[in-house]
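Novice: Quick one: structure below, then a few questions.
Read-outs: derived from the displayed coordinates by stated rules, not from any lab. Quick caveat: nothing in here was measured; it's all calculated off a predicted structure. For neighbour counting, all protein chains shown are included, and Cβ atoms are generated from backbone atoms with ideal geometry for every residue, glycine included.
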Amino acid sequence: MIEVPIIECVAGRGIPGDRYFDFKDDYKGQLTFFSLEVFNELCAVLPVHDCSPALARRNVITRSADLNQLIGQDFEVHGVRFHGMEECRPCYWMDRAIAPGAHEFLKGRGGLRAKILTGGKLRSITLRSHPERSEGPRLQNLRFTN
């Protein structure tokens, strides 16, 4: 997983180059979001040091967004429209990839699986100095649409 300045979102298909691009028709996880605040809380509680949110294997890391509120909602980020499908449930392997207890801690906070409704590009707000340690754009805010 690497952080990139821009990702292309293709409506109904996903992100070119992602392992789930064109995975199956109408796939509900064409793009995944994860909260930086949840990751930081996880690191403080377990405690975990020198760990990257990339280990959660989500496409987009967000700030200041309650991702669970987006389940069942249409929303827009940088002009790209999405539909929040369901929680991106954590996997048991997170206990090995991040730290023992990560799987349990992330239940109900594992991120958001979304369908891409309109194509476009997401641009990173903040590109970290260690691109090899994280993934996807960091988004400050999400704009909600009906």
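Novice: Placing unit charges on C-beta atoms (Lys and Arg positive, Asp and Glu negative, everything else neutral), compute the dipole magnitude of region 6-144 about its Cα centre in debye, rounded to 20. Each step should come with its number before you reach the end.
Specialist: Working: 20 positive and 17 negative charges, 41 e Å.
So the dipole magnitude of region 6-144 works out to roughly 200 debye.
Novice: Run through all the Cα pairs of region 6-144 and give the fraction in each 10 Å bin from 0, expressed as whole percent.
Specialist: Taking all Cα pairs of region 6-144, the binned fractions are 13, 45, 34, 8 percent.
Novice: Same structure, new question: Taking a ≥ b ≥ c as the square roots of the Cα gyration tensor eigenvalues, with a/c under 1.5 meaning rounded and otherwise prolate when a/b beats b/c, else oblate, which class fits region 1-52? Write out the running numbers ahead of the final one.
Specialist: Values: a/c = 3.15, a/b = 2.25, b/c = 1.40.
It comes out prolate by the Cα gyration axes.
Novice: Continuing with the same structure: Taking residue 107 as the anchor, which lysines have their alpha carbon closer than 23 Å to its alpha carbon, excluding any fewer than eight residues away along the same chain?
Specialist: The qualifying lysines are 28, 115.
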